[in-house]
1. What are the residue pairs meeting all of these: first residue in the stretch 98-114, first residue within 22 Å of T8 (Cα to Cα), second residue among the acidic types (D, E) and surrounded by 12 or more Cβ atoms within 10 Å (Cβ to Cβ), Cβ atoms under 9 Å, and 6 or more apart or on different chains?
2. Which members of the stretch 74-105 meet the condition of being surrounded by 14 or more Cβ atoms within 10 Å (Cβ to Cβ), aliphatic (A, V, I, L, M) and in a strand (DSSP E or B)?
3. Is there any pair with a first residue in the stretch 69-96 that is farther than 26 Å from A9 by Cβ and a second that is outside any loop (DSSP other than H, G, I, E, B) and not hydrophobic (A, V, I, L, M, F, W, C) whose Cβ atoms are under 6 Å apart and which are 6 or more apart or on different chains, and what are they?
4. Kindly list the number of the only condition in (1) surrounded by fewer than 18 Cβ atoms within 10 Å (Cβ to Cβ); (2) of a type in the set (S, T, N, Q); (3) closer than 27 Å to F128 by Cα that fails for N53.
5. Restricting to the stretch 172-204, give me the number of residues that are among the charged types (D, E, K, R), under 17 Å from L160 (Cα atoms) and either open to solvent by 70 Å² or more (accessible area, probe 1.4 Å) or part of a loop (DSSP other than H, G, I, E, B) (or both).
6. How many of the residues in the stretch 102-137 are over 16 Å from the mean Cα position of the chain (by Cα), closer than 18 Å to K24 by Cα and among the acidic types (D, E)?
7. Please identify the pairs in which a residue from the stretch 25-43 that is more than 15 Å from E101 (Cα to Cα) has its Cβ atom under 7 Å from the Cβ atom of a residue that is of a type outside the set (S, T, Y) and in a helix (DSSP H, G or I), counting only partners at least 6 apart or on another chain.
8. Considering only the stretch 39-51, I want to know if a residue exists there that is at pLDDT below 95 and within 18 Å of L105 (Cβ to Cβ).
Amino acid sequence: MLAEEVATALSMPLLQWHIKSTTKAQQGLYEYDAVSRLRDSQLGDERVRHIENYIIKGVLWQAFTADAPVVLLIDEIDKADIEFPNDLLRELDRMEFYVYETRELIKAKHRPLVIITSNNEKELPDAFLRRCFFHYIRFPDATTMQQIVDVHFPGIKKNLLSAAMNAFFQIRDLPGLKKKPSTSELLDWLKLLLAEDIPPEALHSKDEKMIIPPLHGALLKNEQDVHLFERLLFMARNNR
C-alpha cells in the first residue's frame, strides 16, 4: 500500500517482489533454466546455441535496466532465510551484478527507489540495516482505521461500524494477547458480520460492557488468545 502510494505520488512504475520462506536472493537477479536447455537440446532446438535464451530475468534485473526510474518493493523480507538480506548487500549497494553464464555486467541505468518491508519476524543483519533508512508504521488509530474501512465498505451502517470498531479496539487493548487482531482481521470480520446480517446490538451488552463478539474467530487466531479473552471476561463479570 505504501509503495503504491509512493509510486503514484512520484509518477513512477512499481515493481514488486513478494518474498516467501523459500525465496532466494539469486531469484531477484536472474535464474538459469538448465533443465529447459537440456530438454531443448534433446529435441534439437536451435535455441540451445544461445544461453541467454535460458536466462530468466529477476525483478532487480528489470528494475536496473528499466528505461526510467522505478519504485522497487521487496515485500516482507523477514520471511526469507536469515542470510537473504546479506546476499543482496553488494547488488543493492553498487547497483550492479554479474551474470556468469553470459559474462555480462548488469548495471542500473537509473537508481531505483527501493522500499523494503518487514513484519519483524526475524532480526535483520546489522550490515543490511546500516544501509537502510528505517521508518516504523504505527498501528492506525480509530480515525485512520475508519477511513480504511470506508474504502472497503463504503455503505456500511454507522451504528454497526461504531459497535464493531469499539469491540475491535477493546480486544486489541487486552493485555497478554499473543497475536493482536490487525487491520486485515478487522476487514475480514466486518465482511462476515455483513454477510451474516449481524445486528450492532450483538456486539456489546446493554451496559456497553465487552462481550464475546459473534464470529470472533476472525479476530482471535489461536487457542491461547481465545482462552485468555474468555478468562478476562469471566473475571470482569465476577468483579462487578
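The values are calculated or read from the model by the stated rules, or taken from the named source; none is laboratory data. Predicted model, so just to flag it, every value in this text is computed and none were measured. Cβ coordinates were reconstructed from backbone atoms using ideal geometry, including for glycine residues, and neighbour counts include every protein chain displayed. Areas reflect the complete protein model, heavy atoms only, side chains present, ligands, DNA and RNA absent. Shrake-Rupley method; radii C 1.70, N 1.55, O 1.52, S 1.80 Å.
1. A108/E96
2. I74, V99
3. If the second residue must be outside any loop (DSSP other than H, G, I, E, B) and not hydrophobic (A, V, I, L, M, F, W, C), the pairs left are E96/K107.
4. Of (1) surrounded by fewer than 18 Cβ atoms within 10 Å (Cβ to Cβ); (2) of a type in the set (S, T, N, Q); (3) closer than 27 Å to F128 by Cα, only one is false for N53: (3).
5. We begin by selecting, within the stretch 172-204, every residue among the charged types (D, E, K, R); these are 172-173, 178-180, 185, 188, 191, 196-197, 201.
Right, trim to under 17 Å from L160 (Cα atoms) and you get 185, 188, 191, 196-197, 201.
Okay, now just the ones that are also either open to solvent by 70 Å² or more (accessible area, probe 1.4 Å) or part of a loop (DSSP other than H, G, I, E, B) (or both), so 188, 191, 196-197, 201.
Counting residues in the stretch 172-204 that are among the charged types (D, E, K, R), under 17 Å from L160 (Cα atoms) and either open to solvent by 70 Å² or more (accessible area, probe 1.4 Å) or part of a loop (DSSP other than H, G, I, E, B) (or both) gives 5.
6. Total satisfying the criteria: 1.
7. Every condition considered, the pairs that remain are A25/F84; A25/D87; G28/V59; G28/L60; D40/R47; D40/V48; S41/V48.
8. First pass over the stretch 39-51, keeping only residues at pLDDT below 95: 39-51.
When the remaining residues are screened for being within 18 Å of L105 (Cβ to Cβ), the result is 51.
There is at least one residue in the stretch 39-51 that is at pLDDT below 95 and within 18 Å of L105 (Cβ to Cβ).
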